[in-house]
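**Student:** Sharing a structure below in structure tokens format, with a few things to ask.
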Amino acid sequence: MDREEARIILSAYRPGRDDAADPAFAPALALLDQDGELADWFANQHALDIILQSAVQSIEPPADLKASILASAKMVEPPAAQRQWQYPVWLAAAAVVALLAGLSFLILPHNGPKTSLASIDAAIPRLTKAHEHPFATDDGDVEKIRHWLAGNGGDKGFVVPRGLKGIQGMGCEVTAVNGAKISILCFELHNGGAAHLYVMDRSQLQNPPPDLKPEFQERDGIAMASWSDGRHSYILAMPGSGSDVRALL
Amino acid sequence: MDPLNFQNLVEQHYAELYRFAFSLARNADDASDLTQQTFAIFARKGDELRDPGKCKSWLFTTLYREFLKEAGRSKRIVSMDGEDASAGDLAISNIPSPSRTAEQHEALEALASLEESHRSVLSLFYLDHCPYHEIAEILGVPIGTVMSRISRAKEALRERLHVMGRKNRE
């Protein structure tokens with residue numbers, strides 16, 4: 001083994017970890033005793049590793065990320081084993097998640113003017129009935145909609161309710177109501193009608209809807225459900241009744 | 001998997017996944033989205049995982065693949081090729097961390113300015129408890145490639161830090 005080969009191998013060596021017992025490093029480590037230049041290089045390398053390791057560990061996730069992850073997981077179709085959740089455990093977990101998400105939202109600072117949820121609610125029937133979107137899919141792929149939104153100033157980290165899984169996406173757009181940016185996803189229902197999912201960053205709202213527990217209302221013939229999942233707030237709207245929109249959650 | 005196990009899994013890995021995501025995406029919003037998306041995929045497909053001991057590497061592998069998919073299509077996650085110092089500056093300034101030292105800050109800026117293949121391998125290398133054979137599995141490359149890539153990435157990082165140090169002195 002020459003010095004260059006030893007350097008490549010020792011670049012992947014992390015002192016203080018299990019690497020010392022790894023036979024892949026043994027010949028290169030043995031060379032340190034015989035090659036002073038290599039030993040100096042290794043000492044410098046180790047100093048750099050210590051700085052970088054502490055730097056990477058200094059990256060802290062946002063305070064509300066864990067609550068958002070747990071809340072989002074409840075909005076997607078769970079694995080088969082998860083469908084056997086015990087009700088009290090589910091309820092306790094949901095309460096904790098809702099509490100954490102609520103607290104984090106109250107504690108964290110939010111910039112910019114806020115828009116009232118009522119003003120957005122009032123605009124939903126008009127937006128739902130307009131039903132014309134600049135982007136349309138030809139194959140119903142919701143991921144294409146997600147990517148279009150991401151590339152056009154919309155949201156992309158949203159979670160589609162499990163009742164809409166398997167329903168074809170038709171199109172989408174990004175719009176604004178009273179300064180609040182809204183991503184709109186349009187879904188083609190099996191009866192030929194359409195449902196619209198409105199996605200907003202909850203920090204834009206003065207009074208975002210509650211976590212996990214959708215609120216229902218009807219306006220101008222449009223049934224609506226609204227909820228939040230930590231970072232995002234959602235409104236699902238469609239012509240029909242509360243039971244119609246509830247079936248899509 | 002029951003919900004308490006899922007919660008344990010999130011608690012155990014979300015911070016490290018976020019660090020990896022941040023090193024890749026170089027901004028807090030995309031890093032949060034990637035981390036959240038990874039667990040959402042696990043919530044849907046986790047029961048397909050036969051070996052529970054593979055959860056961690058499954059999560060990191062999924063996050064990395066999601067990043068590559070997004071990076072290939074999205075304009076928000078930038079710079080797959082070449083080095084981009086300004087992107088690093090922007091990203092690091094987005095994370096509040098009063099306890100971070102100037103040295104750590106400079107190191108993160110240098111890391112963020114590296115090309116993607118170097119950032120990904122080094123961020124995994126510097127995470128806790130991520131041995132090089134696991135890095136190979138996550139990145140989908142042979143172990144030998146991981147070793148040589150770490151070596152090249154560290155060289156690039158050292159050069160970057162040298163240039164930054166020179167600029168700071170001027």
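The values are calculated or read from the model by the stated rules, or taken from the named source; none is laboratory data. Because the structure is a prediction, the values reported are computed rather than measured. No Cβ is skipped: glycine too gets one built from the backbone with ideal geometry, and neighbour counts run over all protein chains shown.
**Student:** Tell me, which strands (runs of 3 or more DSSP E) wholly within segment A:169-249 include 2 or more residues that are surrounded by fewer than 18 Cβ atoms within 10 Å (Cβ to Cβ)? Spell out the reasoning first.
**Tutor:** Values: elements: A:169-177, A:180-188, A:194-201, A:215-219, A:222-228, A:232-239.
By residue number, A:169-177, A:180-188, A:215-219.
**Student:** Within segment B:36-47, does at least one residue satisfy the condition of being surrounded by fewer than 21 Cβ atoms within 10 Å (Cβ to Cβ), part of a helix (DSSP H, G or I), in contact (Cβ under 8 Å) with a residue 60 or more places away in the chain and of a type outside the set (V, I, T)?
**Tutor:** Among the residues of segment B:36-47, not one is surrounded by fewer than 21 Cβ atoms within 10 Å (Cβ to Cβ), part of a helix (DSSP H, G or I), in contact (Cβ under 8 Å) with a residue 60 or more places away in the chain and of a type outside the set (V, I, T), which makes the answer no.
**Student:** Evaluate segment A:184-201: report whether one residue or more is of a type in the set (G, A, S) and within 16 Å of the chain's Cα centre (by Cα).
**Tutor:** No, segment A:184-201 contains no residue that is of a type in the set (G, A, S) and within 16 Å of the chain's Cα centre (by Cα).
**Student:** Out of everything in segment A:9-22 that is part of a helix (DSSP H, G or I) and surrounded by 17 or more Cβ atoms within 10 Å (Cβ to Cβ), what residue ends up being nearest to the other protein chains (Cβ to nearest Cβ)?
**Tutor:** For segment A:9-22, the residue satisfying everything is A:S11.
**Student:** To continue, here is another question. Can you tell me which residue within segment B:104-132, out of those that are more than 9 Å from chain A (Cβ to nearest Cβ) and more than 11 Å from the chain's Cα centre (by Cα), is nearest to B:L157 (Cα to Cα)?
**Tutor:** B:L114
**Student:** Within segment B:133-170, track down each residue that is surrounded by fewer than 13 Cβ atoms within 10 Å (Cβ to Cβ), within 12 Å of another protein chain (Cβ to nearest Cβ) and in contact (Cβ under 8 Å) with a residue 24 or more places away in the chain.
**Tutor:** The answer is none; no residue qualifies.
This table checks each residue for (1) touching a Lys or Arg at 6+ places or on another chain (Cβ under 7 Å); (2) of a type in the set (F, W, Y); (3) without any contact (Cβ under 8 Å) to a residue 24 or more places away in the chain.
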{"residue": "A:T115", "(1), (2), (3)": "no, no, no"}
{"residue": "A:S119", "(1), (2), (3)": "no, no, no"}
{"residue": "A:A122", "(1), (2), (3)": "no, no, no"}
{"residue": "A:P125", "(1), (2), (3)": "yes, no, no"}
{"residue": "A:T128", "(1), (2), (3)": "no, no, no"}
{"residue": "A:H131", "(1), (2), (3)": "no, no, no"}
{"residue": "A:A136", "(1), (2), (3)": "no, no, no"}
{"residue": "A:K144", "(1), (2), (3)": "no, no, no"}
{"residue": "A:W148", "(1), (2), (3)": "no, yes, no"}
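Results for (1) at pLDDT 90 or above; (2) more than 7 Å from chain B (Cβ to nearest Cβ), shown as yes or no for each residue.
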site: A:A24; (1), (2): no, yes
site: A:A39; (1), (2): yes, yes
site: A:A47; (1), (2): no, yes
site: A:P61; (1), (2): yes, no
site: A:S68; (1), (2): no, no
